[in-house]
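Notes follow once the structure below has been shown.
All of the numbers you see were taken from the coordinates with simple rules; none came from a lab. For clarity, every value in this text was computed on a predicted model and none was experimentally measured. All Cβ positions, even for glycine, are placed from backbone atoms using ideal geometry, and neighbour counts span all protein chains on display.
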Amino acid sequence: MDSKLALLRNMAEQQEYSALQQTCREQLVQVDSRPVQILLALSFAHLNEPESARNILNRVLETALSDPLTFAEQQDMSAVYIAITDYQSAELTLDCLLQKEPTNALNLARKAYCRLMLGDNRGAYPLYVQSLEHDPSKVEVWVNLCLLILVNHSDVRGDLGLDCIHPLELVWLNLAQAEAQLEQMQESTYSQANTKLHVGYTAQRLEGLARQLDAIRLECWVLEGKLAEAEVWLDAHSEEGQRYRDNVLVYAECLLQHGNGFVAEATLLNAAKRFPDDAELYRQLAIFAYDQNRIADAQYYQSQYDSRTFNSGEHWAFGQNVSALSVVDFKDSARIRARFNRDFLSTRLLPIEQGELLKDLQPVFIVGVPFSGLSLVEQILVCSDQVASLGASSHFPVLVEALNYQHRKKGSSRYYPDLVDTLGLEQLGDIAQGLHSLYYGKVSDAPVVIDKSIHNICHIGLIKSIFPNAKIISVRRDPRALALSSSVSNWLEPHLGQFMASNDNESMTVSSLLGQQLAQYNSLLTHWKSLFADSILEVSFEELTSKGNFVAARLFDFLDLFVPDHIEQKVRTVAQYAPDDASIKWSNHKLELSFLLRAMSKKTPVPVRDMVTLPEANILSLAYEYYTQGAYRESEYQCKVLLHHLPDFAPAHYLLGEIYIRNGLIPMGVEYLSRAIDLAPWKSQQWQPNLIRARTLLESQGTSKEPLQPTRSKFYREAK
């Protein structure tokens, strides 16, 4: 019987609960065994039949009155209690067991889990550590320890009592231990498979543990802001179809949870480009879009999902639980103003030649602070059959993240808006064509298409570079009314922690955060008006709701459209949103309004003085083209031009290293390759092999009687 119990417990450890239940039933038909009954209860608990599990436990406890439970039976009972979420009973059982065997690793780990589920993170942490000290072979315990630290990473010293190491560094150390143990288990399982033994972990269980470790790794990189490292690691596994897809989904979820929703969407779209037939990627994109109330985007992604599945008639009921409305991240607003100046736009981003297809499209971007009347303007405009709306689309925020991704992939640490100087007219034209296709894939073929994403205020320079005929409608509302709006409060309260400043209590109030958003918005809008005055129309919420006919006429005239005959009905509907400002006693809200006005009056960031503009857009691609053609002198010159403007530009350092090695200048090649890897450590896996080969060549030269090659290239020319 002991061997049969060992087999059953091994099934439980492998989480093969259906097989465990069937085997337990077969055993109980032959002989009534209390240990088998407990394991049957465990299978019921994990197969969503908690009442059946409790009934068995009650019968077992009745027998224990006359025949006390053994140590192993109590241990199995604790597992059942945990499975039915009765953590207090589980902990009582485990405490009795630990009095008998204080160093039992399994019971320590289970007690740690109970503490964790009961909200005692500080109590769980040392128990996990003790468990691993006694038995470091359990990968599941390493996983739980890593997850515990990750959950509390922002206040780990307070919650877990750590004071000697950064929490994420500790996660990496534990992750390395877990991966070492997993590797040993995989080797052991492979060896046992060859000898036809059936002990240890199954391949399926090991695969599940590996996925958990992958997820921990990806979340660490997201928390550290090392997106390039995560992306390179994902690319390295892109040939492992299922694992790559699963990890991309995990990575996107981590990005979304930590406020990088547009990066998550760009990541999923990049994966969908690699695996165009994978429906799951589009399903996740649809979920993200529905969750953010981007209906047109969501419906488009769902249609892509449906076209890749057999059950194309399936309809989802997403969108009821819309997540918190995002705020605009203005951290790069000063750099945006510095990049998109009049000289740059006139000399580098000349209007692209628009084909007949693009001339038929009139993009309109409605911008403003939420609850200022953006949707009301949209409702008036779509009264015309010449106008269709995308709602709040993610097109340009995701495009920006796709550009950032492309640069990280090359080994460049430049990001938007700095990198816009690498966009040539041909690339801008390709982007315009792609967006045109997306627009008409999401809405009807109306010539005027609206996008009312609040994030587009940061991208108007890019928008006008891609769509020179784009028009911008800015909607404003009395800041005081916004500050007292319950809708605005509900919008901003979830984001207060994100903008909290340690020495500024005002940043913790809704009014001050609103003031910051308005100040940054006004600063950017003023800048765009100085560049594109004829393409921007400002609309007041107060005028919109009180003088609807007048504002509607201005809106349609701005878009060169006739005012629809049936506009009166929509104007009356909009008028219902007219504010009752006369009844508001502003003096009763002095504190909130003082926070608002103080935040709005703060000076904008100091103008950027370090914005670099490359003389041409395609210098790097030209350098690589020369290199592949064997024109090393010309390629070297292009690299030197890049380094003249960007001394720390890793791709240029790397290419120079390759050029010098190919021309026998090994010491210089080693120097430049080393520098490239120092500047872009996430590229080390790709670049390091060439550096190792170069160093090997250098060592062989050093041991030979022949002198080393000159350390200065005969092709060297200083970039002017």
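The table below lists the values:
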item: Efficiency of FRET from Cβ geometry, L597 and K359, R₀ 60 Å, rounded to 0.05; result: 0.85
item: Residue-count net charge about V60 - beta-carbon cut-off 13 Å; Lys, Arg +1, Asp, Glu -1; result: -2
item: When the stretch 321-469 is reduced to its Cα atoms, the Kirkwood hydrodynamic radius in Å; result: 16.5
item: Rough spin-label spacing in nm, given labels placed 7 Å along Cα→Cβ, for F550 and D32; result: 9.1
item: Ranked by how many other beta carbons lie within 10 Å on average, peptides 550-557, 531-538, 367-374, 467-474 from highest; result: 367-374, 467-474, 550-557, 531-538
item: Tilt relative to the chain, helix 50-64 - C-alpha long axis, 0 to 90 degrees, to 10; result: 30
item: Only Lys, Arg (+1) and Asp, Glu (-1) charged, at Cβ; the stretch 2-216 dipole about Cα centre in debye; result: 260
item: The stretch 333-601: antiparallel DSSP beta bridges as a percent of all, rounded to 5; result: 5
item: Student exercise, the chain dipole from Lys, Arg, Asp, Glu Cβ charges, in Debye to nearest 20; result: 1900
item: Nitroxide proxy distance, nm - points 7 Å out along Cα→Cβ at Q184 and D565; result: 8.3
item: Greater than 32 Å apart at Cα, pairs in K4/K138; K442/K570; K226/K590; K464/K603; K529/K683; result: K226/K590; K529/K683
item: L622 paired with D95, simple spin-label distance in nm, labels 7 Å along Cα-to-beta-carbon; result: 7.6
item: Förster-model FRET efficiency, 45 Å R0, Q177 and W586, C-beta, rounded to 0.05; result: 0.15
item: Order of K442, K409 - criterion: other Cβ atoms within 10 Å of each residue's Cβ, fewest first; result: K409, K442
item: Degrees, to the nearest 10: 34-46 long Cα axis against longest axis of the chain; result: 10
item: Segments 54-63, 379-388 sorted - mean Cβ within 10 Å per residue, highest first; result: 379-388, 54-63
item: Efficiency of FRET between E543 and S346 - r from beta-carbon atoms, R0 30 angstrom, step 0.05; result: 0.30
item: Dmax and Rg, reported as Rg then Dmax, of the stretch 619-703 (C-alpha, Å); result: 12.3, 39
item: Cut-off under 5 Å, modelled amide H: who pairs with E538 long-range; result: S474
item: Options (1) 31.5, 95; (2) 35.9, 150; (3) 27.5, 96 - which one matches Rg and Dmax of the Cα atoms in Å as calculated here; result: (1)
item: Proximal aspartates and glutamates to K452, defined as alpha-carbon separation beneath 15 angstrom and excluding residues fewer than eight positions away on the same chain; result: D297, E378, E538
